[in-house]
1. Give the shape of region 162-228 as rounded, prolate or oblate, defined through the alpha-carbon gyration tensor: a ≥ b ≥ c are the square roots of its eigenvalues, a/c under 1.5 means rounded, and otherwise the shape is prolate if a/b is larger than b/c and oblate if not.
2. Would you mind getting the accessible area per residue of region 105-177, heavy atoms of the protein chains only, 1.4 Å probe, in Å²?
3. What distance in nm separates the two pseudo spin-label positions at residue 199 and residue 72, each 7 Å out from Cα along the beta-carbon direction?
4. Label region 47-90 by shape, choosing from rounded, prolate and oblate, from the square roots a ≥ b ≥ c of the eigenvalues of the Cα gyration tensor; if a/c is under 1.5 it is rounded, and otherwise prolate applies when a/b is larger than b/c, oblate when it is not.
5. Using a Förster radius of 22 Å, what is the FRET efficiency between residue 228 and residue 143 based on their Cβ-Cβ separation? Nearest 0.05, please.
6. In region 160-228, what percent of the accessible surface is made up of carbon and sulfur (1.4 Å probe, ligands and nucleic acids excluded)?
7. What GluC sites (Glu not before Pro) does region 142-228 have in DSSP loop regions with at most 15 other beta carbons within 10 Å?
8. Take the alpha carbon atoms of region 108-161, find their center, do the same for region 183-223, and report the distance between the two centers in whole angstrom.
Amino acid sequence: MLRMPLFLPMLRSALAVAVVAGLLAGCARQEERVTQRPGSAAQASVQSAETRICLADLAQTGSTFRLLPDRDFGAGCEQRGVVQLDGVAGDAARIALTNLGPVTCPLADKAIGWARFGVDRAARQILGNGLAQIETFGSYSCRNVAGSSRRSAHSRANAIDVAAFVLTDGRRISVKDDWHEGSSEERRFLRIVHDSACKRFGTVLGPEYNAAHRDHLHLEMSGNAFCR
């Protein structure tokens, strides 16, 4: 699998965008070999100018990612303009992401900024150690919003569920165990990263919203600054 370069020139010239688009197109053709579940379809994405700019922006962050093919699973479930985000460049070290599936490019871009500037720096300031890993419950899932007939943002790979954070000293801070029962510093850290997410994503849901979110933070691109 072709991986994106860890950096591009800071100036986003038309030439830089064209080069990135060419590399990603090649990657997408390789990804066509991924086994599909029955009823799904895969194809190399024809990227819009907006998506090409987004992909170039991702490359400039120093993060590692792969472009994935578009897929239409039917019944309102699809993956379009999605990437597999493998790691985020923190201030001092790379931040790993576990169990994260396909995410839309804009969602990946927001998640990168949040991980580095919202979580890693908060961990250093409050807990005295940087962020080594973000544990997730995944991203894409063909399902409805709980208790409704409306498709979840997860059905379009446009949401991430974050379960825990692992620091460089090995400490693990989980939403389930530490939102209410953690030390004062751990509880403060979790609320600060929650508030930081609210400034970046359209919808953020956590333990204060309902019992279904007692063990994770739901980060979604759609919505209009809905933060609970």
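1. Details: a/c = 2.09, a/b = 1.66, b/c = 1.26.
Prolate, because a/c is 1.5 or more and a/b exceeds b/c.
2. 40
3. Placing both labels 7 Å beyond Cα along the Cβ direction yields 4.0 nm.
4. Note, shape of region 47-90 comes out oblate.
5. 0.65
6. On the way: 1470 of 3320 Å².
C and S fraction of accessible area: 44 percent.
7. Values: sites: 181, 185, 186, 208, 220; in loops: 181, 208.
For GluC sites (Glu not before Pro) across region 142-228 that sit outside H, G, I, E and B with at most 15 neighbouring Cβ atoms in 10 Å, the list reads 181, 208.
8. If we compute the Cα centre of each part, the gap is 9 Å.
The values are calculated or read from the model by the stated rules, or taken from the named source; none is laboratory data. Being a predicted model, the structure only gives us computed values, none of them experimental. Please note: Cβ atoms are built from the backbone with ideal geometry, for glycine as well, and neighbour counts cover all protein chains shown. When the accessible area is computed, the model is the full protein with side chains, heavy atoms only, and any ligands, DNA or RNA have been set aside. Shrake-Rupley method; radii C 1.70, N 1.55, O 1.52, S 1.80 Å.
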